[in-house]
Amino acid sequence: MNAYRCGTVGITGRPNVGKSSLINRLVGQKLSIVSPKAQTTRHLLTAILTTQDVQLVFVDAPGRPPRARSALQRTLGRRAVEAARDCDVALFVVEAMRLEAGDHAALDAVPASQKIIVAVNKVDRVRPAARLLPFVDRLAKLRAFDAVVPVSARTGRNLPALLRVLKDAVPEGPALYPADQLTDRDERFFAAELLREKLFHALSEELPYRCEVTIDSFRLDGALRRVDATILTERESQKGIVVGRGGVTLKRVARSARQDMERLFGGKVYLNVWVKVRDNWTDDLRVLQQLGYVG
Ligand SMILES: Nc1nc2c(ncn2[C@@H]2O[C@H](COP(=O)(O)OP(=O)(O)OP(=O)(O)O)[C@@H](O)[C@H]2O)c(=O)[nH]1
Ligand SMILES: [Mg+2]
């Protein structure tokens, strides 16, 4: 029998290439939030896949922002490289048929000594599929990658092949986590993230980047989870948009977040959401500290 394998897989890549989608699909649970906008992920998140012969501990990370304009973005930039450096193997995700300066910058931040596997994501969009071959060739010349695997997080295509190469890349050793543990984060973290995800879907352009979510209290009341949350905005005018006319936007966002929480937690949730203004929080080190972005 082959020995058990276990290791950490740090994800890296330009924003919006589908890193979080891929991790969710690989572990079979929506843990990491996803949106069509770049820079959705802000925190490091562990998602654990345990099988008969391997345990893969994926670390999702923010996409590396092209230009850091605020203190928050500088922190995200640092987090983006952390995951790919401090792991057994880096999973570098790119979008099929699209290599940009951001991809090269993300790759350059991974030390030359690091094992790297490339996932060429979103291949469901490439027609005919033969167009992919020259792209993969070009990619393979960038560095001595351990493997280049075309996949689709959307359709699940080729994910078993990706899991096989990841398994071969991690060291032999016993599992780090119990077989039924899916993540290192608690329900409180997911409550905040799911609410933040809904803001990314409901608000246009710049506004989601000006918002943050904090959980003021998270209590179990029998089988009911009672969650009090605050959405921080930077200005009064932004608060107005988040709340919406007659409160419609806020109601829609809160309802959708509550439904996702109930699905993830497997029980009823009572969610209360307030919206507050905290002047320029994305550049306020004290606020960023309170939010856990800076130590
Ligand atoms: N067509 C297609 N779209 C995908 C695929 N994977 C992800 N997407 C979409 O790409 C967008 C970005 O996905 P995310 O998973 O949030 O990307 P990310 O790399 O985690 O982004 P950041 O956290 O901002 O760095 C979303 O709209 C996804 O639905 C795929 O395989 N095919
Ligand atoms: Mg992400």
TODO: Multiply the residue gap between His104 and Arg125 by 0.36 nm, knock off their C-alpha separation, and tell me the result in nm, one decimal place.
DONE: 5.4 nm
Task: Surface per residue (accessible, 1.4 Å probe) for region 184-295, Å² - done: 53 Å²
Task: the chain: translational diffusion in µm²/s, Stokes-Einstein, Kirkwood Rh over Cα pairs, 20 °C, 1.002 mPa s - done: 107 µm²/s
Open item on the list: From the phi angles alone, apply the Karplus equation (6.51, -1.76, 1.60; θ = phi - 60°) to region 215-231 and give each ³J(HN,Hα) in whole Hz, x where the residue is Gly or Pro.
Closed with: 9, 7, 7, 9, 10, 9, 10, x, 8, 8, 9, 9, 10, 10, 10, 10, 9
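Starting from the Cα gyration tensor of region 134-225, take the square roots of the eigenvalues, sort them a ≥ b ≥ c, and report rounded, prolate or oblate (rounded when a/c is under 1.5, otherwise prolate if a/b is larger than b/c, else oblate).
Taking the square roots of the gyration eigenvalues as a ≥ b ≥ c, region 134-225 is oblate.
Given only helices, namely DSSP H runs of n ≥ 4 each adding -39500 (n - 2.57), what is the per-residue ellipticity at 222 nm of the chain, to the nearest 500 deg cm²/dmol?
-10500 deg cm²/dmol
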Task: Amide proton proximity set for Val213, modelled H, under 5 Å, gap of 5+ - done: Leu232
- [ ] For region 283-295, take each phi angle, set θ = phi - 60°, evaluate the Karplus expression 6.51 cos²θ - 1.76 cosθ + 1.60, and give the result in whole Hz per residue in order, putting x for glycine and proline.
- [x] 10, 9, 4, 5, 5, 4, 5, 4, 7, x, 7, 10, x
Task: Spin-label pair Leu133/Leu224, simplified geometry with 7 Å Cα→Cβ offset, distance in nm - done: 6.3 nm
TODO: Over 31 Å between C-alpha atoms is what I'm after, so list which of Lys37/Lys268; Lys37/Lys239; Lys122/Lys198; Lys37/Lys115; Lys37/Lys141; Lys122/Lys276 land there.
DONE: Lys122/Lys276
Task: Those aspartates and glutamates that a straight Cα-Cα span of less than 19 Å connects to Lys251, excepting residues fewer than 8 apart in one chain - done: Glu193, Glu197, Glu212, Asp216, Asp228, Glu236, Asp260, Glu262
Open item on the list: If I fit a long axis through the Cα atoms of helix 159-169 and take the longest principal axis of the Cα atoms of the chain, what angle between them do I get, 0 to 90°, rounded to 10?
Closed with: 70 degrees
Open item on the list: Using Cα springs under 10 Å in a Gaussian network model of the chain, which residue among Lys19, Lys198, Lys239 shows the largest mean-square fluctuation?
Closed with: Lys239
Task: Set of aspartates and glutamates with alpha-carbon distance to Lys167 below 20 Å, sequence-local pairs under 8 removed - done: Asp53, Asp60, Asp86, Asp88, Asp146, Asp180
Task: Carbon plus sulfur fraction of accessible area for the chain, probe 1.4 Å, in percent - done: 49 percent
Task: Accessible area per residue, Å², region 89-141 with all protein chains present, probe 1.4 Å - done: 47 Å²
Open item on the list: List the trypsin sites (Lys or Arg not before Pro) within region 29-93 that DSSP assigns to loop and that have no more than 13 neighbouring Cβ atoms inside 10 Å.
Closed with: Arg67, Arg69
Open item on the list: Please list 3J(HN,Hα) in residue order for region 99-110, calculated via the Karplus relation 6.51 cos²θ - 1.76 cosθ + 1.60 where θ = phi - 60°; whole Hz, with x for glycine and proline.
Closed with: 10, 10, 4, x, 5, 4, 4, 5, 5, 4, 7, 8
- [ ] Assuming a ≥ b ≥ c are the square roots of the Cα gyration tensor eigenvalues, decide whether region 1-157 counts as rounded (a/c under 1.5), prolate (otherwise, with a/b larger than b/c) or oblate.
- [x] rounded
TODO: Quote the FRET efficiency, to the nearest 0.05, computed for Met97 versus Gln29 with a Förster distance R0 of 35 Å and r equal to the Cβ-Cβ distance.
DONE: 0.75
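The values are calculated or read from the model by the stated rules, or taken from the named source; none is laboratory data. This structure is a prediction, so every number in the text was calculated from the model and none was measured. Positions of Cβ are generated from backbone atoms using ideal geometry, with glycine treated the same way; all protein chains shown enter the neighbour counts. For the accessible areas, the whole protein counts, side chains as well, though only heavy atoms, and no ligand, DNA or RNA atoms are used. Shrake-Rupley method; radii C 1.70, N 1.55, O 1.52, S 1.80 Å.
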